[in-house]
Each structure stands twice: as structure tokens, then as C-alpha cells.
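Have a look at the structure below before the remarks.
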Amino acid sequence: MPRPREFEPDTVLDQAMRKFWERGYRATSIEDLVKATGVKPGSIYSAFPGGKRALFLKSLERYSKLVVPQKLGELEAPGASLTELRGYFDGLVRDLLSPEGRQGCLLVNTAIENAAEDDEAAAVVRGHLARLENCMAAALDTARLRGEVRTSLDPAGTARLLVATCQGLMVVGKANPDEAVLRAITDNAFAALA
């Protein structure tokens, strides 16, 4: 008869997610995960069939459910407009200026490290980018209707451009967390909306 689990899977996922976020997929070993979670390798493999990769994919899902809504904040709320969109970008800049924020976004890090080789990881990243693009397009459409941006603005196309801008902003911020540089990128992106 199998022994009952002596750990809470969500707690293990949270700890594994933080380790992957901190170190990346390749640099995180099973030993690192054992130290981070306090769970023995056999128990990890038992709870997450597929081992490290399965735990990583579950960590990405957990990040999408717990961290992404915090980062999106009011941008994801109905009626979000230019203020909420700018607030999202300003929040990214603030995050990138902190040591914890320089870890970047687990999903952006995954896009850079894994997406070209791992179709499942790429699908999670694509889902995140689509979510972000939809939020931005909705906010831009509201902003256009309210006269906050030019009436000729294409919300869908501009949202794609802003998604690429914010992803690039996070990459630049990891290597060069200079507030003036990050604010200039953001200011220029928003200047193009007028």
C-alpha cells in the first residue's frame, strides 16, 4: 500500500516555481528542487510524473494563475483604458529597478530559454502573450472610444506592438536596469499613441 503524501503539492509548486524563476529551467537541477521544496526526488517524480520537466510546466501554469494577475492588475479589469495600460508599463519599470524584479518574468525567461525547443512551454508562453495582447487591445479600444488616443489607432495592431515593447523592456531591464533608459522606452511607446 503506497504511503500517503507528506507534502502539499501547491506548496511544492510554489517553491519550485520560485526556483525556476530565479535560476531558469536548465540551471535548476533536481537537487536544487529537492533543497527548495524539502521533498525527496522519488516523491517529486511520484507527484509529478515526468519529473523536472513536468514540475516546470506545472510551475508555469501556477505562475500564470498567481503572479500574472498581480502584474496585470487593473489592466485586466473591464473598462481598463490608457491609465491602466500606462500603469502596467510603469509597474514593469518599478519591478525592473528592484533586485527581485530583475529576475524578470518567468514566462519571458521561458520564451528566451525554452520556447524554441519545447512546444508545451511555447504554448504556455503563447497563451500568456495572447492574454496580454487581449488586455492591451481592449484597453486601447476603450481609450480610442474615450478620445484618449488618436481615432485612427488600430487597437489590435498597436497591442501587438506594445506586447513586443513590454517583452523587450523586460529583457533590457535584466541587463541594464537604468531607470532613465526604461522610462524612455515606455515614454516613446506611449508618445506614438497620441
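For segment 44-132, carbon and sulfur atoms together expose 53% of the accessible surface, with a 1.4 angstrom probe and every protein chain in place. Every Cα-Cα pair of segment 112-194 was included, and the share exceeding 14 Å stands at 69 percent.
With contacts taken as Cα pairs under 8 Å and at least 6 residues apart, the chain reaches a relative contact order of 21 percent.
Positive-end ranking of ALA191, ALA159, CYS105 along the dipole of the chain, with charges on Cβ about the Cα centre, is headed by CYS105. A simple charge model with +1 on the Cβ of Lys and Arg, -1 on the Cβ of Asp and Glu and nothing else charged puts the dipole of the chain at about 340 debye relative to its Cα centre. Across segment 28-77, Cα-Cα pairs farther apart than 12 Å form 67% of the total.
Between SER46 and THR83, residue separation times 0.36 nm minus the direct Cα-Cα distance comes to 8.6 nm.
Counting lysine pairs in the chain whose alpha carbons fall under 21 angstrom apart, excluding pairs fewer than 8 residues apart on the same chain, gives 14. Taking 25 Å as R0, compute the FRET efficiency from the Cβ-Cβ separation of SER29 and LEU161 and round it to 0.05. The formula returns an efficiency of 0.05 here.
Run the paramagnetic zone check for ASN134: 7 angstrom along Cα to Cβ, then residues of segment 76-115 with backbone nitrogen under 18 Å. It comes to 76-81, 85, nothing else.
Taking all protein chains into account, the per residue accessible area for the chain stands at 52 Å² (1.4 Å probe).
Computed from label points 7 Å out along Cα-Cβ, the spacing between ASP90 and ARG53 is 4.4 nm. The stretch between GLN70 and ARG150, if pulled fully straight at 0.36 nm per residue, gains 25.9 nm over its current Cα-Cα span. Of the DSSP H helices in the chain, those that are both long (alpha-carbon extent of 27 Å or more along the helix axis) and hydrophobic (Kyte-Doolittle mean at least 0.5) are 155-175. Taken about its Cα centre, segment 10-73 carries a charge dipole of roughly 120 debye when the Cβ of each Lys and Arg holds +1 and the Cβ of each Asp and Glu holds -1. Taking 0.36 nm per residue of separation and subtracting the current Cα-Cα distance, fully stretching the chain between ILE112 and ARG62 would add 16.1 nm.
Structural descriptor for segment 59-158: relative contact order 29 percent, calculated from alpha carbon pairs under 8 angstrom and at least 6 residues apart. Per residue, the convex hull spanned by the Cα atoms of segment 1-158 amounts to 124 cubic angstrom. Of LEU132, SER43, GLN70, which is farthest towards the positive pole of segment 13-144's charge dipole, taken about the Cα centre with +1 and -1 on the beta-carbons of Lys, Arg and Asp, Glu respectively? So the residue we want is SER43.
The values are calculated or read from the model by the stated rules, or taken from the named source; none is laboratory data. None of these values were measured; they are calculated from a predicted model. We place every Cβ from the backbone using ideal geometry, glycine too, and count neighbours over all the protein chains shown. Calculation scope for accessible area: heavy atoms of the full protein, side chains included, ligands and nucleic acids excluded. Shrake-Rupley method; radii C 1.70, N 1.55, O 1.52, S 1.80 Å.
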